[in-house]
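Report on one structure; see the data block that follows.
Values quoted throughout were computed directly from the atomic coordinates according to the rules given, and no laboratory measurement underlies them. Please read all numbers here as calculations on a predicted model, not as lab measurements. Virtual Cβ from ideal backbone geometry, glycine too; neighbours counted across all protein chains shown.
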Amino acid sequence: MADMTISKLIESLLEIQKGVGPDAPVRFAAQPSWPMEYEISEVAATEPTKVDGDFDAEGAVYLSEGRQIGYLPSKVQEAFEMYRD
């Protein structure tokens, strides 16, 4: 699977929003062998760096793990497994 980009993330979220509405909470899933669900507490970004006029490193967007909610629902685990194949 290719890296997630801002464009792909926004496109996916806009498509999902059509089904769940604009006020649905956004969560973070972690630890595939012991799947847990977390809130997202913050969003941060790094700027691309330039060396001699050329980009030396890409910028990136980071989602910070917030409060642990509990185990990841089995329906979500199954959906992730579907995308991995």
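The table that follows gives values for the structure above.
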quantity	calculated
Full-stretch length increase - R67, A29 - with 0.36 nm per residue and alpha-carbon distance subtracted	12.5 nm
Local electrostatic count at S12 - Lys and Arg +1, Asp and Glu -1, tallied over other residues with Cβ under 15 Å	0
Label-point separation, A44 to E58 (7 Å along Cα→Cβ), nm	2.0
Amide H contacts under 5 Å for L72, placed H, 5+ residues apart	M36, E37
11 Å beta-carbon shell around S41, net charge (K/R +1, D/E -1)	-2
Label-to-label distance, nm, for residues given as I16 and D3 (7 Å Cα→Cβ offset)	2.1
